[in-house]
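Shown next, in C-alpha cells, is the structure this report addresses.
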Amino acid sequence: MDRTTTTAPGHLDFREFAAARGRHLVRTAYLLTGGDAHLAEDLAQEALGRVYGRWRKVSRLENPAGYTQTVLVNTFLSYRRRRSSGEHVTDTFADAAAPEPDPALRITLLQALSELPARDRAVLVLRFWEDRSVEETASALHLTAGAVRSRSSRALARLRERLGADSLSMLRS
C-alpha cells in the first residue's frame, strides 16, 4: 500500500516549506542578531519549530512565509527580552583569581566524609555542597527538618574533630 500523501494545490508539506524558506530565515535572523550566526540559526530553528506546531493552520494561510517571518521576529524580540533581564555582557573581569585548591585538604576532607554514616554524609553534601535549604534536604532524604538539622550538626562536629576547626573554615572561603 502506498502511504505517500497527496497535497492539495497550494498546500505545502512542512518539510518542503522549511527546506525552501530555511536559508532565508537564517539570513533574516543573522541581520536581526547583528551578525551572530549561531544565534541566527537557533532563532530560525525556534521559529520553524513554532510554525510546525501550528502547521495545519499556517499552511492554509495566504502567505505562510510572511507568517513565519513574523514568528521569527517575535522569537528574536522575546529572546532579547529574556536575555536583557538575565544576562549582562561585560568586557571586564574580576580582579581576584579564585584561591588555589589544596589537594591535601581535599583528600583529607573526602576521607573524613567517607568515615561518616551515609545519611550524615548525604545531609552534608546536599546542605553545603549543593547549597540546598533544610526543607529541600529533608524532602530529598525523606527526613524531618529537625532530623536534618541534628544530623548536620553532629556530622559537622565529627568533621571538626577529624579536620580541626581551621580546616573547615578554609573550605567555606
Run the quick spin-label model on A19 and W55: label points 7 Å from Cα toward the beta carbon, then report their separation in nm to one decimal.
1.3 nm
Ordered by number, the chymotrypsin sites (Phe, Trp or Tyr not before Pro) in region 13-84 that occupy a DSSP loop and have at most 16 other Cβ atoms within 10 Å are none
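Less than 9 Å Cβ to Cβ from S152, Lys/Arg counted +1 and Asp/Glu -1: what total charge do the surrounding residues give?
Around S152, the charge tally is +3.
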Taking a probe of 1.4 angstrom, what is the accessible area of S139 in Å², to the nearest 10?
80 Å²
Could you give me the ³J(HN,Hα) list for region 36-44, computed from phi with Karplus coefficients 6.51, -1.76, 1.60 and θ = phi - 60°, whole Hz, x at Gly and Pro?
8, 5, 5, 5, 4, 5, 4, 5, 5
Can you tally the net charge around R21? Count Lys and Arg as +1, Asp and Glu as -1, for every other residue whose Cβ sits under 12 Å from the Cβ of R21.
+2
Could you give each residue of region 125-136 its phi-based ³J(HN,Hα) in whole Hz, using Karplus coefficients 6.51, -1.76, 1.60 with θ = phi - 60°, and x for Gly or Pro?
5, 5, 5, 10, 8, 8, 6, 8, 6, 4, 5, 5
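The values are calculated or read from the model by the stated rules, or taken from the named source; none is laboratory data. Only a predicted model underlies this, so the values are computations on that prediction, with no experimental measurement involved. With ideal geometry, Cβ positions are generated from the backbone for all residues, glycine too; neighbour counts draw on all protein chains shown. The area values use the complete protein model at the heavy-atom level, side chains included, leaving out ligands, DNA and RNA. Shrake-Rupley method; radii C 1.70, N 1.55, O 1.52, S 1.80 Å.
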